[in-house]
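Have a look at the structure below before the remarks.
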């Protein structure tokens, strides 16, 4: 793995763990944000598990590249759908964070494929 792949993967994995912890907190402000885009509170744990699986896949990918490719590709889909959900719900003010995650996921995917 290149240094760039390692940096992107570790950074994105750390951010995903933080995002998962936020969802798992079920704080009222978090629940309200997801409710606005049509995600019921009982789905937050599932979304957190998906993010943690993505983080784990990125880290495993540092030793076994196919896991990193699969995780990064799945994350591109996840965050693309997240942006779509915000746009559909007319909640575009909350798209910058998923857009950042999407960009990092695409960078990770590109980096894994280039290695």
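The values are calculated or read from the model by the stated rules, or taken from the named source; none is laboratory data. All values reported here derive from a predicted model rather than from experimental measurement. So basically every Cβ, Gly included, is an ideal-geometry build from the backbone, and we count neighbours across all protein chains shown.
Of note:
- Pair list, Cβ under 7 Å, 6 or more apart: segment 30-42 residue in contact (Cβ under 8 Å) with a residue 40 or more places away in the chain, other residue outside any helix (DSSP H, G or I): 36/89; 36/91; 37/89; 37/91; 38/89
- Remark: pairs (first residue in segment 69-86, over 16 Å from residue 104 (Cβ atoms); second residue at pLDDT below 95 and assigned to a helix (DSSP H, G or I); Cβ separation under 7 Å; 6+ apart in sequence or on different chains) = 86/92; 86/94.
- The lone exception for residue 46 - which of (1) in contact with a helix residue (DSSP H, G or I) (Cβ under 8 Å, 6 or more places away or on another chain); (2) part of a helix (DSSP H, G or I); (3) closer than 15 Å to residue 78 by Cα it fails: (1)
- All positions within segment 50-62 that are surrounded by fewer than 20 Cβ atoms within 10 Å (Cβ to Cβ) and free of Cβ contacts under 8 Å to residues at least 60 places away in the same chain: 50, 52, 53, 56, 59, 60
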